Amino acid sequence: MSVYILIGNTGIIFIMPTVVVMDVSLSMTRPVSIEGSEEYQRKHLAAHGLTMLFEHMATNYKLEFTALVVFSSLWELMVPFTRDYNTLQEALSNMDDYDKTCLESALVGVCNIVQQEWGGAIPCQVVLVTDGCLGIGRGSLRHSLATQNQRSESNRFPLPFPFPSKLYIMCMANLEEKLIDLAYTPFHAVLKCGHLTADVQVFPRPEPFVVDEEIDPIPKVINTEGDEVGTGITDDNEDENSANQIAGKIPNFCVLLHGSLKVEGMVAIVQLGPEWHGMLYSQADSKKKSNLMMSLFEPGPEPLPWLGKMAQLGPISDAKENPYGEDDNKSPFPLQPKNKRSYAQNVTVWIKPSGLQTDVQKILRNARKLPEKTQTFYKELNRLRKAALAFGFLDLLKGVADMLERECTLLPDTAHPDAAFQLSHAAQQLKLASTGTSEYAAYDQNITPLHTDFSGSSTERI
């Protein structure tokens, strides 16, 4: 997970785009009974709530990209992704009324817009504003869900989205208060380094990380150092502007840190809580702008195995001798794991049929050159046997055994007698392993060459 840090007025940006999807079907034109003489429609309440949301985002999320989509039976992109919240608010007053509600159409439109602009890796927040009507007939939510299991993969229901996302469905009442409290509340924290501190604002708001324990899941929450956080957001715009102006004139530790990381091309390890760490680094948004990023590691004492335990990291001055050498010509990292990792070994991969075919053909080639290739034959045979047992591919063992028996019957009269014995022995062992019986299908067990009266003379001739 990556979050972005906003520091005063330094222009470090946050990228977690938002798509606001507004229902403009006929049901949104129904009148709403409100005290007073003026008559309001449902769409007016929705536009009012979104206006308040955009005003809040313009103050606290002013560098976030937001798009506005309207929908009925079809969908339309009213405002592409922008940081201009005035344009978004103006578009709310220029929306027309259309026909029936079709939620599936709107969700398909969101998929297309987000993937075209951001791809499938950037997390996105989707805010769906509607009066709760499900639509009627073909295209209604009821029809979409009823036919969900009858669709092909190319025509599937658009949920879940093919990109990291959160979907908020707002049904008019208390729209702005609920959504702001749920997804757009500023997250303030204090960044410390020795005696240097800086108030920071983090985007998007980091969520608790739940450690998957069998008995009792434990949520990990970032320690914000709340007692030392600055004034944050005030209700008075004048006080807020003056506070920002003052903050912009005070030397900021984050500016120093960001510039140093950018120039040196380094990262800084940051502690978020007990046994929870992350790293700060600079990432360029364009040729002129760059972001101070924070990526979070999974909680634990050793989130990066090659780096070792975080608690044991320290300055070079604490070491008895410089671990990087006098001429900076070596490094103590990466730490070598105590146990050999499975991915560090030569593993058998059968992702494509050609890989399996190559391994079988290699065994057959060596089988035709017995007894000269006895060692190579059994080496390849055991490699295939282990992979088949690991994958549960027992039919493969029986199939290869049949092939070896067939090769035995096709041996020419001039073939060495030991070849027939070895082929029959290997075929028999594979058939026993294909039964899955623990006595013959042990993974660590190897098929060894059969000792015959011809083995010694064969070796002597070799």
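Assorted remarks:
- Test: ALA189 is more than 20 Å from ALA268 (Cβ to Cβ), surrounded by 14 or more Cβ atoms within 10 Å (Cβ to Cβ), among the hydrophobic types (A, V, I, L, M, F, W, C) and modelled with pLDDT of 60 or more: no
- For first residues located in segment 365-382 and basic (Lys, Arg), partners that are open to solvent by 10 Å² or more (accessible area, probe 1.4 Å) and lie 6+ apart or on another chain with Cβ distances below 6 Å form the pairs LYS373/ASN366.
- Condition check for HIS416 on (1) surrounded by fewer than 16 Cβ atoms within 10 Å (Cβ to Cβ); (2) over 29 Å from ASP444 (Cβ atoms); (3) touching a residue at least 40 places away in the same chain (Cβ under 8 Å): one failure, at (1).
- Looking only at segment 430-441, residues that are within 13 Å of LEU397 (Cβ to Cβ), in a loop (DSSP other than H, G, I, E, B) and not β-branched (Val, Ile, Thr) come to 3 in all.
- Residue match in segment 122-138 (condition: among the charged types (D, E, K, R), assigned to a helix (DSSP H, G or I), out of contact with any Gly (no Cβ under 7 Å at 6 or more places or on another chain) and free of Cβ contacts under 8 Å to residues at least 60 places away in the same chain): no
- Restricting attention to segment 356-409, the residues being aliphatic (A, V, I, L, M) and closer than 16 Å to ALA433 by Cα number 13.
- Cβ separations smaller than 6 Å between residues 6+ apart or across chains give the following pairs from segment 256-282 residues that are in a loop (DSSP other than H, G, I, E, B) to residues that are surrounded by 13 or more Cβ atoms within 10 Å (Cβ to Cβ) and among the aromatic types (Phe, Trp, Tyr): VAL267/TYR281.
- First in segment 301-313 and over 12 Å from HIS277 (Cα atoms), second anywhere and open to solvent by 100 Å² or more (accessible area, probe 1.4 Å), Cβ under 9 Å, 6 or more apart: TRP306/GLN336
- Residue under evaluation VAL127, criteria (1) of a type in the set (A, V, I, L, M, F, W, C); (2) open to solvent by 50 Å² or more (accessible area, probe 1.4 Å); (3) closer than 12 Å to MET22 by Cβ, criterion not met: (2)
- Residue count for segment 439-462, restricted to those that are open to solvent by 60 Å² or more (accessible area, probe 1.4 Å) and at pLDDT below 70: 5
- Residue list for segment 88-120, filter: at pLDDT 90 or above, closer than 26 Å to GLN41 by Cα and of a type in the set (S, T, N, Q): GLN89
- The number of residues in segment 55-75 that are under 17 Å from SER25 (Cβ atoms) and out of contact with any Gly (no Cβ under 8 Å at 6 or more places or on another chain) comes to 4.
- The set of residues in segment 74-87 that are under 23 Å from ARG42 (Cα atoms), buried (at least 17 other Cβ atoms within 10 Å of the Cβ) and among the hydrophobic types (A, V, I, L, M, F, W, C) comprises TRP75, MET78, VAL79.
- Failed criterion for PHE71 (all others in (1) open to solvent by 50 Å² or more (accessible area, probe 1.4 Å); (2) modelled with pLDDT of 90 or more; (3) touching a Ser or Thr at 6+ places or on another chain (Cβ under 8 Å); (4) under 15 Å from LYS43 (Cβ atoms) hold): (1)
The values are calculated or read from the model by the stated rules, or taken from the named source; none is laboratory data. These numbers were taken from a predicted model, which means no experiment stands behind them. Positions of Cβ are backbone-derived with ideal geometry, glycine not excepted, and every protein chain shown enters the neighbour counts. Ligands, DNA and RNA are stripped out before the accessible areas are found, and what is left, the full protein with its side chains, is counted by its heavy atoms. Shrake-Rupley method; radii C 1.70, N 1.55, O 1.52, S 1.80 Å.
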